[in-house]
Amino acid sequence: MSTDTIIMDSVPSSLDAYKGESHVATTNACKLCTPLGATIAFKGVEGAIPFLHGSQGCATYMRRYIISHFREPMDIASSSLGEKNAIYGGGPNLKKGLLNAMQKYGAKVVGVATTCLTETIGDDVPRILHEFRAEFGDLPLADIVHVSTPSYSGTHMDGFHGAVKALADQLCVEKTPPNGRVNIMPGLVSPADIRHLKELARAFGIEPIMLPDYSETLDGPALLEYENIPSGGTPVADIRAMGGASASIELGRAITTQETAGSSLESRFGVPLKRLGLPMGIRETDAFFAALKEISGLATPRDLSLERGRYIDALVDGHKYVSGLRAVVYGEEDVVIGLTSFLAEIGVKPVLVATGAKNRNVAPHIRAACGDVLREMPSVREGVDFFDIVEEAKTLAPDILVGHSKGQRAAREWGIPLLRVGFPIHDRFGGQRQLSLGYRGAQALFDRLVNMVLEKKQTDSDIGYGYL
Ligand code: SF4
């Protein structure tokens with residue numbers, strides 16, 4: 001069952017029934033299912049195949065969802081449990097499925113994520129995997145990494161970060177010799193953003209270990225021959241070497257509420273961790289550049305300083321079109337913090353910032369990221385769905401919506417533009433190539449926003465006009 005549904009005991013005949021104080025159901029969730037996030041993270045490892053321990057429908061739903069954003073093949077193996085397994089356990093199916101994934105796909109890594117079903121029946125996945133390794137130890141087995149991802153107690157971001165931590169914990173198990181590299185955990189950003197982060201690190205003479213790296217596996221070239229497992233991804237040897245890196249950079253302010261790959265590498269191997277916001281807009285990008293400068297000891301290369309300067313020049317030219325606009329921002333917790341910071345810097349007034357995640361301290365993180373340039377703190381709501389967002393936004397008279405494709409219905413109803421950012425983007429082309437990070441990403445976001453506002457003005461004008 002996807003989280004993009006109305007979950008109630010009985011379905012009322014009119015949407016009016018959803019109105020009122022007693023709203024307790026989820027109506028169009030502002031989050032996705034937990035193992036879905038884990039499958040994206042596992043897809044960023046070289047030779048890996050994501051594997052769902054659960055029933056077939058979960059894999060089908062996630063594949064459809066992910067493919068419509070990335071527009072790449074997305075094979076997800078499944079233990080394909082039926083009614084009997086729901087009673088007697090899914091161990092035999094999991095073992096058979098793992099062998100198939102290794103033998104038919106030639107997987108070097110299998111990333112196993114649990115689902116609502118297997119979490120509810122209480123399958124002991126570590127024990128099943130232990131038995132599997134004992135039973136088939138005479139075969140050349142792939143590495144198996146597992147993560148617990150009950151969807152009723154988290155979001156796709158929990159699944160994503162959980163899978164990244166599981167990869168670091170289960171593949172990087174001993175201190176390796178210092179290698180002078182820097183671990184970068186980028187969070188759930190676009191393949192274009194991952195490519196840009198690698199480019200930025202290399203511009204400072206740093207060879208990053210990016211975990212995960214789906215910049216090629218989920219945005220690859222057209223090939224004459226189909227690859228069972230697409231090329232690209234973080235090599236397992238690199239993951240094993242993360243304990244010898246000189247530093248880790250973990251992007252995302254809101255992940256401070258949980259144990260992460262970065263904090264685990266720091267506590268187990270003493271790899272110093274820098275935790276920064278997603279580099280969206282000037283100030284969060286400046287902080288990322290400051291970290292690269294400190295780690296590398298090098299100054300910012302001229303080309304990148306020029307990108308920053310050009311962006312500021314664009315703000316001078318374009319601020320009059322966006323200054324004072326009222327924005328509703330929604331989506332993943334780290335993305336909404338970064339977007340709010342970006343919007344506050346350019347004079348847009350975020351009036352509501354909403355996320356489906358709970359207990360992520362979004363309001364304090366927004367204050368820390370951009371409190372000094374916010375004219376007024378927006379209303380910040382965590383653990384909400386689109387019913388809540390729409391109800392609250394109605395009274396706030398927003399001019400624009402900023403978030404993923406799921407706000408399209410509200411934008412259409414209110415006749416206001418939607419700046420599509422983040423995941424998923426189902427109703428536009430090129431979500432996987434959308435750049436939002438760094439000065440270059442801020443420039444791209446700003447250009448899109450200004451043009452969106454101009455287009456709306458031009459369309460609404462009775463007489464129309466050619467110069468803006
Ligand atoms: S894991 Fe749970 S929320 Fe996700 S598709 Fe399966 S049943 Fe639905």
Condition met for ALA368 (open to solvent by 60 Å² or more (accessible area, probe 1.4 Å) and outside any loop (DSSP other than H, G, I, E, B)): yes
Which numbered condition VAL110 fails, given (1) over 30 Å from VAL335 (Cα atoms); (2) open to solvent by less than 40 Å² (accessible area, probe 1.4 Å): (1)
Of all residues in region 29-70 being away from the ligand (no atom under 11 Å from the Cβ) and among the β-branched types (Val, Ile, Thr), the one that is surrounded by the most Cβ atoms within 10 Å (Cβ to Cβ): VAL45
Criterion (among the hydrophobic types (A, V, I, L, M, F, W, C), within 28 Å of HIS69 (Cα to Cα) and at pLDDT below 95) met by exactly one of ILE255, ILE249, ILE184: ILE255
Which listed residue is at pLDDT below 95 and among the basic types (Lys, Arg), from LYS108, LYS165, LYS104, LYS96: LYS104
Number of the exception - GLN434 against (1) more than 17 Å from ARG71 (Cβ to Cβ); (2) open to solvent by 10 Å² or more (accessible area, probe 1.4 Å); (3) at pLDDT 95 or above: (1)
In region 101-136, the residues that are on the phi > 0 side of the Ramachandran plot and away from the ligand (no atom under 16 Å from the Cβ): GLY106
Residue satisfying condition, being more than 14 Å from the ligand (Cβ to nearest atom), open to solvent by 40 Å² or more (accessible area, probe 1.4 Å) and part of a loop (DSSP other than H, G, I, E, B), within set PRO73, PRO92: PRO73
Filter pass, ALA363 being small (Gly, Ala, Ser) and touching a residue at least 60 places away in the same chain (Cβ under 8 Å): no
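Suppose the filter is surrounded by 18 or more Cβ atoms within 10 Å (Cβ to Cβ) and farther than 18 Å from VAL322 by Cα; does ALA344 pass it?
When the stated conditions are applied, ALA344 does not pass them.
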Scope region 95-112; condition under 29 Å from the mean Cα position of the chain (by Cα) and either in a strand (DSSP E or B) or of a type in the set (A, V, I, L, M, F, W, C) (or both); matching residues: LEU98, ALA101, MET102, ALA107, VAL109, VAL110, GLY111, VAL112
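Given the condition open to solvent by 40 Å² or more (accessible area, probe 1.4 Å), on the phi < 0 side of the Ramachandran plot, outside any loop (DSSP other than H, G, I, E, B) and touching a Lys or Arg at 6+ places or on another chain (Cβ under 7 Å), answer yes or no: does some residue in region 324-332 qualify? It would help to see each step written out before you state the result.
If we filter region 324-332 for residues that are open to solvent by 40 Å² or more (accessible area, probe 1.4 Å), which is where we start, we get 326.
With the extra rule that they be on the phi < 0 side of the Ramachandran plot, the set shrinks to 326.
Among the residues that remain, those that are also outside any loop (DSSP other than H, G, I, E, B) are: 326.
Filter once more, keeping what is touching a Lys or Arg at 6+ places or on another chain (Cβ under 7 Å): 326.
Yes, region 324-332 has at least one match.
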From the options LEU292, LEU306, LEU278, LEU298, residue that is without any contact (Cβ under 8 Å) to a residue 12 or more places away in the chain, under 20 Å from PHE204 (Cα atoms) and either open to solvent by less than 30 Å² (accessible area, probe 1.4 Å) or not in a strand (DSSP E or B) (or both): LEU306
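Among the candidates LEU81, LEU98, single out the residue that is crowded, with 22+ Cβ neighbours inside 10 Å, of a type in the set (A, V, I, L, M) and within 16 Å of the ligand (Cβ to nearest atom).
That would be LEU81, the only listed residue that is crowded, with 22+ Cβ neighbours inside 10 Å, of a type in the set (A, V, I, L, M) and within 16 Å of the ligand (Cβ to nearest atom).
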Any hit, region 148-157, residues being open to solvent by 10 Å² or more (accessible area, probe 1.4 Å), modelled with pLDDT of 95 or more, out of contact with any Lys or Arg (no Cβ under 8 Å at 6 or more places or on another chain) and closer than 30 Å to LEU435 by Cβ: no
Selection within region 148-175 - in a loop (DSSP other than H, G, I, E, B) and of a type in the set (Val, Ile, Thr): THR149, THR155, VAL173
Positions within region 390-410 being among the hydrophobic types (A, V, I, L, M, F, W, C) and open to solvent by less than 10 Å² (accessible area, probe 1.4 Å), in sequence order: ALA393, ILE400, LEU401, VAL402
Criterion (among the aliphatic types (A, V, I, L, M) and at pLDDT below 95) met by exactly one of ALA357, ALA327: ALA357
Subset tally (residues that are of a type in the set (Gly, Ala, Ser), buried (at least 20 other Cβ atoms within 10 Å of the Cβ) and in a loop (DSSP other than H, G, I, E, B)) for region 113-147: 1
Residues being of a type outside the set (Phe, Trp, Tyr) and assigned to a loop (DSSP other than H, G, I, E, B) - total across region 424-454: 10
Residue list for region 220-273, filter: free of Cβ contacts under 8 Å to residues at least 24 places away in the same chain and open to solvent by less than 30 Å² (accessible area, probe 1.4 Å): SER263
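The values are calculated or read from the model by the stated rules, or taken from the named source; none is laboratory data. Values in this document were obtained by computation on a predicted structure and should not be read as measured data. Positions of Cβ are backbone-derived with ideal geometry, glycine not excepted, and every protein chain shown enters the neighbour counts. Each accessible area value is taken on the protein alone, full model and side chains, heavy atoms only, with ligands, DNA and RNA left out. Shrake-Rupley method; radii C 1.70, N 1.55, O 1.52, S 1.80 Å.
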